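> Let me give you the structure first, and then I'll get to my questions.
Derivation of every value follows stated rules applied to the coordinates shown; laboratory data play no part. Predicted model, so just to flag it, every value in this text is computed and none were measured. All Cβ positions, glycine included, derive from the backbone under ideal geometry; neighbour counts span all protein chains shown.
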Amino acid sequence: MQTFDPIEILGARFREGIARAYPQVGMDADPLISASRQAQFGDFQSNAAMPLGKRVGANPREVARAIVAQIDVSDIAEPLTERSIAGPGFINVRLQPKALATLLDGLDHTEVGLPAAEHPMTVVVDLCGVNLAKQMHVGHLRATIIGDTIARLYERLGHRVVRQSHVGDWGLPIAMVTAKLLDLEARGELPARLDLDDLNRLYKLAQAECAGEQRALAFVRRFGSNAKIEAELSEIDAEADEHLAHAKRVLVALQSGDAKVRAVWQRIYDVTMRECLRMCARLHTLITDEHSAGESTYAEELAGVVADLAARGVAEESDGALVVRVEGIEEPCLVRKSDGGFLYATTDLAAIRRRVQQIGADLVVYCVDARQSLHFKQVFGAATRAGYATKLGATEPSHLKHAAFGTILGEDGRPFKTRSGESVKLADLLDEAVSRARAEVEQRSIDLSDAERQEIAEAVGIAAIKYADLSNDRVKDYVFNFDRMLAFEGNTGPYLLYALVRIRSLFRKAEAEGIPFDPHAAISIEQPEEKALALELLRYPKTVRSAAEALEPHRLCGYLYEVCAAYSTFYDRCHVLKAESEPVRASRLRLVELTGRVLADGLQTLGLPTVERM
RNA sequence: GUCCCGGUAGCUCAGUUGGAUAGAGCAGCGGACUUCUAAUCCGCAGGUCGUGCGUUCGAAUCGCACCCGGGAUGCCA
């Protein structure tokens with residue numbers, strides 16, 4: 001694979017040099033190339049001599065000398081000499097400005113260094129995870145946008161990606177809502193039009209009606225307890241039991257394919273998914289109807305899965321339940337309850353089997369809350385034991401990874417909730433961000449039309465929320481703060497959008513002034529700000545690959561912020577259109593254009609909307 | 001009890017494979033607008049990297065013990 005990353009190029013040279021200097025070590029020694037932290041030491045350094053000194057039993061400075069003697073980097077860097085060696089054995093490398101121009105040229109002409117993978121994998125990303133009859137709330141934000149960004153990262157690398165939303169559309173809670181709707185229908189009170197708010201109300205009502213203990217508790221708190229009240233309580237409990245029994249009957253009817261029940265269920269499904277998919281679109285994620293693979297779609301397979309596990313001795317009986325024991329984990333994976341019912345682990349096993357053996361996944365990524373870590377360890381272990389994680393005809397199992405994420409916290413450090421303790425509706429959260437962005441746009445972009453300002457506010461608000469989430473280390477909790485994420489200074493979505501706007505604005509201005517852009521003009525890197533920017537740009541391909549590999553979008557966020565910061569400094573110090581000479585202007589225009597392409601490509605890969613003006 | 005995750009500047013966070021003097025942003029202080037969009041840039045100040053011991057030429061990073069916070073923990077999903 002062609003590379004324009006100085007770290008990779010120097011790495012290859014050093015690896016060869018080490019092999020020549022120490023044949024007994026060969027090519028497997030790590031060249032340990034990294035960017036120098038301080039300009040006085042040059043641009044890059046190799047730390048290979050120290051561990052190598054230990055390995056061959058020699059003084060690390062001597063080792064450094066031996067390596068330097070075997071390496072020729074004169075085509076891209078200043079020649080290595082005795083003076084390149086510093087401290088305990090650091091080898092410092094200073095690039096030639098001309099080499100930098102050549103590398104930028106190469107990056108420019110190869111899809112910014114990321115051509116499609118030669119051997120594409122199939123990657124299934126489990127994301128979003130909504131439930132029927134419930135509004136998307138703040139808890140779904142991370143599963144949706146982190147999952148979508150991980151999917152985009154693999155797509156950008158040329159892999160085949162299948163997004164799947166494991167919709168919670170089956171089981172008793174759904175049957176309870178279905179029962180409510182059937183009651184309304186029987187009484188002729190079912191409205192012709194239902195929205196998700198209606199269903200959400202019915203969901204809560206059904207939950208309350210079936211939760212006898214809680215109702216009884218509320219009753220006692222309100223009135224105190226005596227003999228008469230206790231009679232009242234048992235009546236409430238009996239009522240709840242009847243509601244629950246009714247729901248269970250509906251569940252059985254649903255599972256056995258009763259047409260009338262199924263029709264009502266379908267209506268709940270359609271109403272929920274219509275609103276959730278609209279929210280996914282507003283979030284600028286590529287999640288559509290075809291990506292829904294709800295729990296209900298596995299219902300028919302569960303009995304077969306359990307029978308298979310039992311027949312092959314993978315599962316065993318324990319206290320009346322059927323479990324799969326997993327090495328290294330104390331708690332076994334329960335696949336069948338003692339009453340014969342299946343559990344969510346059963347569904348997940350069926351899902352892994354389908355994803356690996358039918359869809360052909362080489363990698364399945366689960367973008368799900370960190371609290372489910374144990375569950376996924378069990379399920380992954382059980383699936384691997386059962387052979388469900390191995391593609392048909394393959395010898396090694398595919399990779400199953402849990403991309404766990406932390407909780408969104410409020411200012412008080414507690415999970416983010418409304419004042420009344422309810423979870424925050426995602427729609428409300430987005431509206432708030434957009435309206436705050438709108439207020440800023442009103443103040444600053446007075447020359448734009450109303451429609452344009454609304455469009456910009458929408459993009460800025462959404463980008464702010466998404467970037468705030470994606471830029472944090474996935475597994476950590478983070479504190480949600482509108483003011484901070486919408487600030488236009490610092491590591492925020494709006495700052496990145498603004499940098500791109502300045503680039504686009506510069507090209508509009510160039511066009512207006514009749515300054516042509518020559519995509520083949522010679523690049524020359526002279527100023528320190530130009531060099532700093534150039535070095536950042538060359539890091540792009542590797543950053544995307546490592547973010548995908550580690551399933552960590554925040555690596556790409558941090559990188560893009562560095563690019564924008566380097567560009568802002570460059571922009572401040574190095575005039576482009578008013579450059580001192582024609583060749584310098586042409587060179588800088590190319591640098592700016594390439595910066596714009598890397599930035600736009602990166603933002604697209606993260607899934608952030610961009611704007612032309614703001 | 002056991003297991004998992006976290007603890008870095010007043011606040012919010014980065015820190016890649018163990019490398020030279022631990023970095024950003026915000027807030028604070030001081031500068032830069034006859035502009036290529038100042039929604040920006042530059043400078044100053046701010047640290048017992050939770051604590052201790054160990055491994056190493058070298059530890060925020062690896063190991064052990066402990067402290068603090070969060071989470072999970074067999075028949076809900």
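> Which net charge results when you count Lys and Arg as +1 and Asp and Glu as -1 among the other residues whose beta-carbon is under 9 Å from that of residue A:175?
Overall, the nearby charge balance is +2.
> Further, regarding this structure: What are the semi-axes of the equivalent ellipsoid for the range A:78-182, taken as the square roots of 5 times the Cα gyration tensor eigenvalues, largest first, in whole Å?
That gives 53, 18, 12 Å for the three semi-axes.
> Moving on. Setting aside same-chain residues fewer than 8 positions from residue A:578, which aspartates and glutamates have a Cα under 15 Å from its Cα?
Leaving aside aspartates and glutamates fewer than 8 places away in the same chain, those within reach of residue A:578 are A:511, A:513.
> Still on this structure: For a quick check: with amide H placed at 1.01 Å from N, whose amide H comes under 5 Å from residue A:77's, ignoring anything fewer than 5 positions away on the same chain?
A:96
> What nm distance separates the two modelled labels at residue A:204 and residue A:473, each placed 7 Å from Cα along Cα→Cβ?
Label-label distance for residue A:204 and residue A:473, simple model: 3.7 nm.
> Which parts of the range A:168-205 would a label at residue A:242 reach, counting a residue when its backbone N lies under 16 Å from a point 7 Å out along Cα-to-Cβ?
Taking a point 7 Å out along Cα→Cβ of residue A:242, the residues of the range A:168-205 whose backbone N falls under 16 Å are A:180, A:183-184.
> Would you please give the residues with an amide H less than 5 Å from that of residue A:479, counting only those at least 5 places away or on a separate chain, with H modeled from the backbone geometry?
So residue A:479 has HN proximity to A:409.
> If you place +1 on the Cβ of every Lys and Arg and -1 on the Cβ of every Asp and Glu, how big does the dipole about the Cα centre of the range A:375-505 come out, in debye to the nearest 20?
With only Lys, Arg, Asp and Glu charged at Cβ, the dipole is about 780 debye.
> Please list, or write none, the aspartates and glutamates whose alpha carbon is within less than 15 Å of the alpha carbon of residue A:509, excluding same-chain residues fewer than 8 places away.
Hits, sequence-local ones excluded: A:593, A:612.
> For the range A:272-285, just list the computed ³J(HN,Hα) in residue order, Karplus coefficients 6.51, -1.76 and 1.60, θ = phi - 60°, integers in Hz, with x standing in for Gly and Pro.
Residue by residue, the range A:272-285 yields 5, 5, 4, 6, 5, 5, 5, 5, 4, 5, 4, 6, 6, 10 Hz.
> List the equivalent ellipsoid semi-axes of the range A:1-49 in whole Å, largest first, each obtained as the square root of 5λ for an eigenvalue λ of the Cα gyration tensor.
In descending order, the three semi-axes are 21, 14, 7 Å.
> Which value in nm describes the separation of the simple spin-label points at residue A:24 and residue A:59, placed 7 Å from the Cα toward the beta carbon?
My value for the distance between the label points is 1.9 nm.
> Where does helix A:138-156 land angle-wise versus the long Cα axis of chain A, in degrees 0 to 90, nearest 10?
40
> For the range A:298-401, I need the span (max minus min coordinate) of the C-alpha atoms along each principal axis, in Å, sorted largest to smallest.
Principal extents (largest minus smallest coordinate, Cα): 36, 30, 25 Å.
> Quick check: net charge around residue A:347, other residues with Cβ under 10 Å of its Cβ, Lys/Arg +1 and Asp/Glu -1?
My count for the surroundings of residue A:347 gives -3.
> For residue A:399 and residue A:330, what does the FRET efficiency come to when R0 = 22 Å and r is the distance between their Cβ atoms, rounded to the nearest 0.05?
E between residue A:399 and residue A:330, to the nearest 0.05, is 0.35.
> Quick one: 3J(HN,Hα) in Hz for the range A:492-498, Karplus 6.51/-1.76/1.60 with θ = phi - 60°, rounded, Gly and Pro as x.
10, x, x, 5, 5, 4, 5
> While we're here: Let me check I've understood the local charge: for residue A:455, count other residues with C-beta under 11 angstrom from its C-beta, Lys and Arg +1, Asp and Glu -1. What total comes out?
After counting each charged neighbour, the total is -1.
> Where the only charges are on Cβ atoms (+1 Lys, Arg; -1 Asp, Glu), what is the dipole of the range A:485-555 about its Cα centre, to the nearest 20 debye?
Dipole about the Cα centre, nearest 20: 220 debye.
> What order do you get for A:201-207, A:55-61, A:347-353 when each peptide is scored by the mean count of other beta carbon atoms within 10 Å, highest first?
Result, highest mean first: A:347-353, A:201-207, A:55-61.
> Of A:75, A:198, how do they rank once you tally other Cβ atoms within 10 Å and put the fewest first?
Ranked by crowding around the Cβ, least crowded first: A:75, A:198.
> Then there's this: For residue A:425, list the aspartates and glutamates whose Cα falls under 14 Å from its own Cα; do not include residues on the same chain fewer than 8 positions away.
List returned: A:197, A:275.
> Could you give the length gained by full extension between residue A:82 and residue A:377, i.e. 0.36 nm per residue of separation minus their alpha carbon distance, to one decimal place?
101.0 nm
> Hey, what angle do you get for helix A:582-606 against the long axis of chain A, alpha-carbon based, 0 to 90 degrees rounded to 10?
With both axes taken from Cα atoms, the answer is about 20 degrees.
> Using the Karplus curve 6.51 cos²θ - 1.76 cosθ + 1.60 with θ = phi - 60°, what ³J(HN,Hα) values do you get for each residue of the range A:532-543, in whole Hz, with x for Gly and Pro?
In residue order, the calculated couplings are 4, 5, 4, 5, 4, 4, 5, 7, 4, x, 5, 5 Hz.
> Over 13 Å apart: what share of the alpha carbon pairs of the range A:76-132 falls there, rounded to a whole percent?
Beyond 13 Å sits 77 percent of the P(r) for the range A:76-132.
> So for the pair residue A:195, residue A:337, with labels modelled 7 Å out along Cα→Cβ, what separation do we get in nm?
3.5
> Looking at chain A, I'd like the Rg to Rh ratio, where Rg is from alpha-carbon atoms and Rh is Kirkwood's inverse mean 1/r.
Taking Rh as the inverse mean 1/r over Cα pairs, Rg/Rh reads 1.05.
> Can you give me the convex hull volume of the Cα atoms of the range A:500-547, divided per residue and expressed in Å³?
117
> May I pose another question? Starting with the highest mean, order A:76-83, A:173-180, A:402-409 by the number of other Cβ atoms within 10 Å, averaged over the residues of each peptide.
Top to bottom by mean Cβ count within 10 Å: A:173-180, A:402-409, A:76-83.
> Any idea what the dipole of chain A comes to, in debye rounded to 20, about its Cα centre with Lys/Arg Cβ at +1 and Asp/Glu Cβ at -1?
About 800 debye.
> Stick to the Cα atoms of the range A:364-520, pair each with every other, and give me the Kirkwood hydrodynamic radius in Å at one decimal.
The answer is 19.4 Å.
> Still on this structure, I have one more. Expressed as an acute angle from 0 to 90° and rounded to the nearest 10, what is the orientation of the C-alpha long axis of helix A:553-573 relative to the principal long axis of chain A?
40
> Could you list, in their original order, any pairs among A:180/A:260; A:98/A:531; A:417/A:476; A:337/A:401; A:417/A:466 whose Cα atoms are separated by more than 21 Å?
A:337/A:401
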